[in-house]
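The values are calculated or read from the model by the stated rules, or taken from the named source; none is laboratory data. None of the values given here were measured: they were computed from a predicted structure. As a convention, Cβ positions derive from the backbone with ideal geometry for all residues, glycine included, and neighbour counts pool all protein chains shown.
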C-alpha cells in the first residue's frame, strides 16, 4: 500500500485486512493490529501537520475544546458501508496521534463470539448488576452489544445506553433503545445515569464505571429494580469486587458490601487469546454468578474465598475460573499449551490442574531432553510438584471431611424427621380409630333416638285417633240411677 492515503482510505484498508485497531502517529507509517500484533502499513511516514489536518477534520468545536483542555478526546466516526470506529485522539511529544477501534455494523451473537452459554442467560434477568471486565481490547463492548441486541429482540422494554462514545448502533426491535453519548447528548456519565432514572428505563447500559459517583448511582439503579450492565478494567471477578469496594471510603464499605451482595448478579472477566492455527483471537472467560455462598462471602468481606467457590460451582451455576476456561480451550485444541501458560494469571495452578486432569497434555509438553543426572534443580522441581500435590490433597481431604460431617448431620436430621413422621403416623392412626368409634357411637345414638321418636309418633297417633273417635260418636244416653246393691 504505497503513497499517502486519506483517513477514510486507511480505515477501509484496515477493515479489508480484518484489523481491530489502526494507530496513526507522526514520523512513521500507520500501524494495524492484526491477530494481536501491530504491523506497519507499507506507506510513507506521516508528517505532524498531515496527522493534525487528518484528525482535526473529525472534531466538532466542542470536541476541539475538550482536546485542548484534556489533551485527549474520545469520539465515534463512521465510514458509510464500511464500519463504525471508536477513536481516541491524544497529544504525544507535542503532536497529535490517534487510535481507531473498528466496530462492525453487524452485531454478532453469543455463538459467533464463542462465549459461554451462561452469558446468554443474563439477558433474561429481571433486575440486578452485571459487570463485564477485562483489559482494553478484550471484547467487553462486543459482548455487551450481543447481550443488549438479545434483549432488544426478545423483551418489550426500554433500553437506555450511556456511552463515551457511542460504538454499536442498536435498532428498535421488540424493545426501544435510547442511546446517549457523553459529551454530545449528556455532559457526564453520572448526570446521564441520574437522568435515566426519570426516563422509564427497564435496562440500563453504562459504558464504563469510571468514578465513585457513577458506581454509587449504578448500584442504586440496580437496587431499585433495573437490569444494569457496565464494564470495568479488572482481570478477574475477585479483583472486580475489590475494586468496587475500595473505591469508597472505609466507613462506607460495610454498607456497600451488603448492597453489592444483593444487587450483583454476575461478573464476566475476559481476555482474547490467539488461536492455535493463528487464524484469529478467541475469548477466555472467567464467569462468576452470585450464588448464596458468593453473596455471603461478599457481605462478610471474604473476597479470597470467591475463587474457590467459582472453581467448585461449575456444574450447577455454570461458573468457571480463567484457568478452567483456558483448560477447556486447550483440551479442545483451540489454543496451544504455551499460549495457555502465557495468558494464565496463575500458571502453576494451571499446570497442576493439567497434571491431575489431563496428564498427557502436560507430559507431551514436557517431553524432550532428559535432565542431567547431576542436576539437583530437577529434583527440587519434582519436590515442588509433590508439595503441590500434597497441598491439593490436603485441601480436598478437608473438603471431604466437611462434606462427610454435613452428610452425617443430614442423616441425623433425616432420622429425626423419620421418627417424627412415624410418631405422627401412629398418632394419626389412633385419632382415626377414635374418630371411627365416635362415628359408630353417633350412629347408635341416632338410631336409638329415631326409634324413640317413632314410638312417640305412634303413641301420638293412637291418642289422636282415640280423641277423634270420642268426639265423633253420639252423646250417650243418661244412665239410670243405680239401684239395688250398687245404689249404695
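The table that follows gives values for the structure above.
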item	result
Search result, residues across the range 309-337 that are part of a loop (DSSP other than H, G, I, E, B) and touching a helix residue (DSSP H, G or I) at 6+ places or on another chain (Cβ under 9 Å)	312, 313, 318, 319, 321, 334, 335, 336
Hits in the range 216-234 (condition: in contact with a helix residue (DSSP H, G or I) (Cβ under 6 Å, 6 or more places away or on another chain), without any contact (Cβ under 8 Å) to a residue 60 or more places away in the chain and under 14 Å from residue 130 (Cα atoms))	223
Check on residue 345, surrounded by 10 or more Cβ atoms within 10 Å (Cβ to Cβ), assigned to a helix (DSSP H, G or I), at pLDDT 80 or above and in contact with a helix residue (DSSP H, G or I) (Cβ under 8 Å, 6 or more places away or on another chain)	no
Hits in the range 183-195 - residues which are more than 13 Å from residue 163 (Cα to Cα) and at pLDDT 90 or above	195
Residue within the range 174-197 that is surrounded by 22 or more Cβ atoms within 10 Å (Cβ to Cβ), within 24 Å of residue 245 (Cα to Cα) and under 21 Å from the mean Cα position of the chain (by Cα) present	no
Criterion (modelled with pLDDT of 90 or more and either within 60 Å of the chain's Cα centre (by Cα) or under 30 Å from residue 312 (Cβ atoms) (or both)) met by exactly one of 451, 388, 445, 414	414
Residue within the range 268-288 that is modelled with pLDDT of 95 or more, in contact with a helix residue (DSSP H, G or I) (Cβ under 7 Å, 6 or more places away or on another chain) and either assigned to a helix (DSSP H, G or I) or surrounded by fewer than 16 Cβ atoms within 10 Å (Cβ to Cβ) (or both) present	no
Residue 337 vs. criteria at pLDDT below 95 and either surrounded by 15 or more Cβ atoms within 10 Å (Cβ to Cβ) or over 27 Å from the mean Cα position of the chain (by Cα) (or both)	yes
Residue 196, sole failed condition from (1) touching a strand residue (DSSP E or B) at 6+ places or on another chain (Cβ under 8 Å); (2) under 19 Å from residue 257 (Cα atoms)	(2)
Residue match in the range 134-157 (condition: in a strand (DSSP E or B) and either assigned by TED's automatic domain parsing to the domain that holds residue 202 or surrounded by fewer than 19 Cβ atoms within 10 Å (Cβ to Cβ) (or both))	no
Residue selected from the range 315-334 under the condition over 27 Å from residue 277 (Cβ atoms) and over 13 Å from the mean Cα position of the chain (by Cα), by the criterion modelled with the highest pLDDT	316
Tally of residues being without any contact (Cβ under 8 Å) to a residue 24 or more places away in the chain and either loosely packed, with under 12 Cβ neighbours inside 10 Å or farther than 15 Å from residue 10 by Cα (or both) across the range 36-52	4
Residue 406 vs. criteria surrounded by 10 or more Cβ atoms within 10 Å (Cβ to Cβ), assigned to a helix (DSSP H, G or I), touching a residue at least 12 places away in the same chain (Cβ under 8 Å) and under 34 Å from the mean Cα position of the chain (by Cα)	no
Single condition residue 92 does not satisfy, out of (1) free of Cβ contacts under 8 Å to residues at least 40 places away in the same chain; (2) under 19 Å from residue 23 (Cβ atoms)	(1)
Residue match in the range 207-216 (condition: at pLDDT below 95, closer than 18 Å to residue 259 by Cα and in a loop (DSSP other than H, G, I, E, B))	yes
Residue match in the range 106-120 (condition: more than 29 Å from the chain's Cα centre (by Cα) and either over 16 Å from residue 164 (Cα atoms) or surrounded by 16 or more Cβ atoms within 10 Å (Cβ to Cβ) (or both))	no
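For every residue, the table says whether it meets (1) within 26 Å of residue 182 (Cβ to Cβ); (2) part of a strand (DSSP E or B); (3) not assigned by TED's automatic domain parsing to the domain that holds residue 184.
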residue: 49; (1), (2), (3): no, no, yes
residue: 74; (1), (2), (3): yes, yes, yes
residue: 77; (1), (2), (3): yes, yes, yes
residue: 85; (1), (2), (3): yes, yes, yes
residue: 99; (1), (2), (3): yes, yes, yes
residue: 115; (1), (2), (3): no, no, no
residue: 122; (1), (2), (3): yes, no, no
